[in-house]
1. From the list V454, V464, V435, exactly one residue is closer than 18 Å to G376 by Cβ and touching a helix residue (DSSP H, G or I) at 6+ places or on another chain (Cβ under 8 Å). Which is it?
2. Output the qualifying pairs, or none if there are none: Cβ atoms under 8 angstrom, residues six or more apart or on different chains, first residue in region 219-245 and in contact (Cβ under 8 Å) with a residue 24 or more places away in the chain and in the same structural domain as N276 (by TED's automatic domain parsing), second residue exposed (fewer than 15 other Cβ atoms within 10 Å of the Cβ) and of a type in the set (S, T, N, Q).
3. So, F82, is that one surrounded by 18 or more Cβ atoms within 10 Å (Cβ to Cβ), without any contact (Cβ under 8 Å) to a residue 60 or more places away in the chain, out of contact with any Ser or Thr (no Cβ under 9 Å at 6 or more places or on another chain) and within 23 Å of A128 (Cβ to Cβ) or not?
4. Report every pair of residues separated by at least 6 positions or lying on different chains whose Cβ atoms are under 7 Å apart, first residue within region 353-368 and within 15 Å of L403 (Cα to Cα) and at pLDDT below 90, second of a type in the set (S, T, Y) and outside any loop (DSSP other than H, G, I, E, B).
5. Check G452, G448 and return the single one that is without any contact (Cβ under 8 Å) to a residue 24 or more places away in the chain and among the small types (G, A, S).
6. Sort out which residues of region 37-66 are among the charged types (D, E, K, R) and assigned to a strand (DSSP E or B), and write them in order of number.
7. Please state which one of R415, R392 is touching a strand residue (DSSP E or B) at 6+ places or on another chain (Cβ under 7 Å), farther than 22 Å from N469 by Cβ and among the charged types (D, E, K, R).
8. How do the pairs read when you match residues in region 247-271 that are in a strand (DSSP E or B) with residues anywhere that are basic (K, R) and at pLDDT below 95, using Cβ under 8 Å and keeping only pairs 6 or more apart or on different chains?
Amino acid sequence: MLTASDVTEVLREISPLLRDGWIQKIQQPTDRTLVLDVRVPGQTHRLLICCQPDLTRLHVTTHSLPNPPTPPPFCQFLRAHFHGARIDGIRQIGNDRIVELQIAGRESAHVIVCELTGHKANILVLDAERRVLRDLTRQHHLVGQAYVSPSQRSTVHEAIPSRFTRTIGGILPVSEAIDAYYREQEATQTTDRIKEERLRVLKKTLKKEQRLTEAWRNDLSRVTTYRDYARYGELLKARLGAIETGTDHIEITDYFDDRLPTITIPLNPMKSAQGNMGDYFRKYRKYLAAERTLKPRIERAEHGIEQLRQEIKQIEQGTWTPPAVSPARLNAATMVRAIAGKNQVATDQRRGPFRRFTSTDGLPIFVGRNAQENDGLTFGLAKSDDLWLHARSVPGSHVVVRLDKGADPPPETLRDAAMLALLYSDLKKSGKGEVIYTRRKWVKKAKGQASGAVIVTQEKSLYVSLEKNRLEALKNRTS
């Protein structure tokens, strides 16, 4: 943060430049940063005031900062009172890190006080009697009170020589030096926050993936006991007439073993011979299905877990580099959220029993396999702004396209998803038909109906035919 001497130096440079200037634009890029565009004859200067702890400062900058779509309340207040107002003067108070902007507004004179005091930094608006009207940090108890500066509330420390007085070159050398220094500091802090948030997300995801994979291993282990059940079923099939009702076992010669041993096959005494045989065949089919689906799923999950571990290791060892995100499009907080959330799509792709595809535009598409999965997909995984599709008036899969909030589906993605809805429906044989689509938030459960039954409102429709090339491309992008 700036020292009192730094403040003195920068005000010596910018005060003559901004005095008698008109405030043309007021922006609040972050919760503790204010930017005033000040028009003076022939040019406009951008005054930046930052109250972020460890980054508190005031200077002229030539850089643009991204702004939130809706101005914060403090920014709205300043715009209402000071848009078009004149800066009559800028001065430092008591050789401290306090700067006052004297403002001549349409109604009356006001003062904007910039307290550049580290963790207690604040920006306050005073009326002509120096009573507090509003402040940046929302200390409501101050409103209506006579303003007391920090220099009057505490001891002023001995001045430290400015770090920026020796800078040479440029039109505004002190401001340029301060701007460059703190932009580097902000970049470092942003990178550190991104790493911390990314590490938090990775560790959380790793725990979830490990628990899920362990559950799949347990499921596979349980059904592995059914490996020989097809043989038991065949042996029972050959001796159905010898099985008495109510018996809990039968001893049978195992003709599938060259040694022809006698084995004991447990039976359910509550079931018939036919029922016991059917149970053994059914459990064997369950084993085959688990082998077919769980083993590849576990392998993919283990690969994903290893990638998570590698990325965690890179962050902890300091060798991880954040993906490039354009600062012109995202502020620091959004960058942290965007990069930290990067793993969400990958997690969605790995998790769950749904069919998974990637659209032509790179968006995730999820397809339910049965009524239970349809229900879980629509009312569990899907978010309110996601796109939801289903073949009209016939049984079929629920299809969900993951979309960012407020985003519209690209045309090719819409056609990809509609074709999958058609493919996994009773319209598949005809090869063509109508598919309805809407936002997930317009899909409701049908009360009293079977799992997967829904009521859809505000739907649109698309008539599609199955396209071999498009389906091949989608199947090649399954995950």
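1. Details: V464 fails: closer than 18 Å to G376 by Cβ; V435 fails: closer than 18 Å to G376 by Cβ.
Going through V454, V464, V435 in turn, the sole match is V454.
2. Listed by first residue and then by second, the contacts come to L240/Q274; T245/S272.
3. Working: surrounded by 18 or more Cβ atoms within 10 Å (Cβ to Cβ): yes; without any contact (Cβ under 8 Å) to a residue 60 or more places away in the chain: yes; out of contact with any Ser or Thr (no Cβ under 9 Å at 6 or more places or on another chain): yes; within 23 Å of A128 (Cβ to Cβ): yes.
When the stated conditions are applied, F82 passes them.
4. Pairs found: S359/T413; T360/T413; D361/T413; L363/T413.
5. Details: G452 fails: without any contact (Cβ under 8 Å) to a residue 24 or more places away in the chain.
From the options G452, G448, the qualifying one is G448.
6. Of everything in region 37-66, those that are among the charged types (D, E, K, R) and assigned to a strand (DSSP E or B) turn out to be D37, R39, R46, R57.
7. Only one candidate passes the filter, namely R392.
8. I250/R239; I252/R239
The values are calculated or read from the model by the stated rules, or taken from the named source; none is laboratory data. What you see is a predicted model; the values in this text were computed from it and never measured. No Cβ is skipped: glycine too gets one built from the backbone with ideal geometry, and neighbour counts run over all protein chains shown.
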